[in-house]
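Below is one structure, written out as structure tokens; comments come after it.
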Amino acid sequence: MFDIERWQEIFETLSKNKLRTFLTGLSVASGIFILVVLLGFSKGIENGVKSQFEQDATNLITVWTGVTTKGYKGLNPGRYIQMKNDNFEMISQKYEDNIEYKTSLYAIWGAEVAYKNETGNYRVRGAMPDHQFIENAEIESGRFVNQSDLSDNRKVAVIGRKLKQDLFKGEDPIDKNISIFGMNFKVIGVFVDPGGEREEQQAYIPLTTSQKVFNAGDNIRNMLFTVKMSDNFDEAVALSQSMANAVETELKLMHTVAPDDTSAVRVFNTLEEAKKIYSLIGMIQSVFWFVGIGTIIAGIVGVGNIMLIIVKERTKEIGIRKALGALPMSIVGMIIQEAVFVTMFAGLFGLIFGLGLLELVGPQIESDFIKYPQVDFNIALTTVFLLVIAGALAGFIPAYRAAKIKPIVALRDE
């Protein structure tokens, strides 16, 4: 049963030690406040990193080539390694069981794209149908390139939303013709990319068409594969890394490249990078928890100290209570209640202030790597309850000492 008179007595007792109580409560409140803010920002970092990975498929292997830096089997360094359609087909067939989506690309940077009187320079990428899913591109209207477009070398284009806004000025672009380097392409779709405007300032055309109109022959610039995901994240990372290593080895064999030449053939595995970054986020969160809990422990020690002082100052009162028949447990309960009072109200104050700050400041933060800093309210509230329990334990030692005081000794205390 809630005893109002008892809580009033506690408040009056703590009021006699205003400065000590205030400083102790401030220490406890600041501990919870710091913990809440740190947890909020660690969540913001996690959200930011995840949003970066969501721009493309997380389980993506990207392959591109460069110039050899080492001589190998009689061949001089300085050779540019040019990937071909056959390279892509061979790898696709050999590792078919592990591949979810696949595409090869042939891109032109700064292509002149025009519609009526509007002209601009944009990236034009020759791609295959699976590229839509690899880029996580959402079709706003129309469709993406399909296999028939590739087979028939059709002059069709799927444009980004930003390119649409630049050239069409609100006009529906579907079935309209745009000019790419003076060649007409029919717009068959508009896409939205999670990467934002930078990714939406481009157009996709069928790979075979790009190779033909740009005189590329059977050359390709990139190969992209997504690996089939496993329920076990570590297994998925291991499979992805194994395939990435195998693809690199295969291409080096095909083009007679030294095994230790890191410039000629480059393979980037996003799943492995994701694991590294998520591990780093976990370490950051652990550090934040350590700092926050360390601050809280300092506050709990302060609660224990102020309870010792209060017991010392109330020695005579405790002696009178015991002389009048107060049981040791009632003395223990009295001191522990006072400790709980300090930790509970200080903890709730720190919690509310911390959550309020995150709600106020969070939406104002505009960063690619910190998004929506927030903390799970249940976790924060559980922390406060654990804090109260810790406060009770901190008050137990002074309470135990108070219960052991002999009435005759207490009454003689000055």
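The values are calculated or read from the model by the stated rules, or taken from the named source; none is laboratory data. As the structure is a computational prediction, the values presented were derived from the model and not from experiment. Don't worry about glycine lacking a Cβ; one is built from the backbone with ideal geometry, like all the others, and counts go over all protein chains shown. Surface accessibility is based on the protein's heavy atoms, side chains included, excluding ligands, DNA and RNA. Shrake-Rupley method; radii C 1.70, N 1.55, O 1.52, S 1.80 Å.
If I filter the stretch 298-314 for residues that are farther than 30 Å from Leu35 by Cα, in a helix (DSSP H, G or I), modelled with pLDDT under 85 and open to solvent by less than 50 Å² (accessible area, probe 1.4 Å), do I get at least one hit? Looking through the stretch 298-314, at least one residue is farther than 30 Å from Leu35 by Cα, in a helix (DSSP H, G or I), modelled with pLDDT under 85 and open to solvent by less than 50 Å² (accessible area, probe 1.4 Å).
May I ask you to list the residues in the stretch 85-109 that are part of a strand (DSSP E or B) and either farther than 30 Å from Ala244 by Cβ or within 30 Å of the chain's Cα centre (by Cα) (or both)? I'd like the intermediate steps shown before the answer.
So the first thing to find is which residues in the stretch 85-109 are part of a strand (DSSP E or B), and the list is 99-109.
Listed by number, the residues that qualify are Ile99, Glu100, Tyr101, Lys102, Thr103, Ser104, Leu105.
Selection over the stretch 80-129 of residues that are within 19 Å of Ile220 (Cα to Cα), charged (D, E, K, R) and in contact (Cβ under 8 Å) with a residue 60 or more places away in the chain gives a count of 6. Condition test on Gly170, is it surrounded by fewer than 14 Cβ atoms within 10 Å (Cβ to Cβ), more than 25 Å from Trp64 (Cα to Cα) and without any contact (Cβ under 8 Å) to a residue 60 or more places away in the chain? For Gly170, the condition - surrounded by fewer than 14 Cβ atoms within 10 Å (Cβ to Cβ), more than 25 Å from Trp64 (Cα to Cα) and without any contact (Cβ under 8 Å) to a residue 60 or more places away in the chain - is met.
The set of residues from the stretch 109-149 being open to solvent by 40 Å² or more (accessible area, probe 1.4 Å) and aliphatic (A, V, I, L, M) comprises just one member, Ile139. Return a yes/no flag: does the stretch 221-239 have any residue that is open to solvent by less than 80 Å² (accessible area, probe 1.4 Å) and of a type in the set (D, E, K, R). No; the residues of the stretch 221-239 include none that is open to solvent by less than 80 Å² (accessible area, probe 1.4 Å) and of a type in the set (D, E, K, R). Just to check your reading of the model, which residue among Lys164, Lys176 is surrounded by fewer than 20 Cβ atoms within 10 Å (Cβ to Cβ) and more than 17 Å from Pro129 (Cβ to Cβ)? The conditions single out Lys176. Kindly indicate which of Gly170, Gly160 is among the small types (Gly, Ala, Ser) and under 30 Å from the mean Cα position of the chain (by Cα). Being among the small types (Gly, Ala, Ser) and under 30 Å from the mean Cα position of the chain (by Cα) holds for just one of Gly170, Gly160, which is Gly160. The residues of the stretch 75-98 that are in contact with a strand residue (DSSP E or B) (Cβ under 7 Å, 6 or more places away or on another chain), at pLDDT 90 or above, surrounded by fewer than 20 Cβ atoms within 10 Å (Cβ to Cβ) and more than 17 Å from Thr209 (Cα to Cα), listed by number, are Gly78, Arg79, Tyr80, Gln82, Ser92.
Being without any contact (Cβ under 8 Å) to a residue 40 or more places away in the chain and not small (Gly, Ala, Ser) is the filter here; which residues of the stretch 131-149 pass it? Spell out the reasoning first.
Within the stretch 131-149, the subset without any contact (Cβ under 8 Å) to a residue 40 or more places away in the chain is 146-148.
Passing the criteria: Asn146, Gln147.
Checking the stretch 150-161 against the condition returns a match, with at least one residue being open to solvent by 40 Å² or more (accessible area, probe 1.4 Å), closer than 27 Å to Val227 by Cα and in contact (Cβ under 8 Å) with a residue 24 or more places away in the chain. Checking the condition polar (S, T, N, Q) and within 14 Å of Lys186 (Cα to Cα), which residue from Asn153, Asn117 passes? Of the residues listed, the single one that is polar (S, T, N, Q) and within 14 Å of Lys186 (Cα to Cα) is Asn153.
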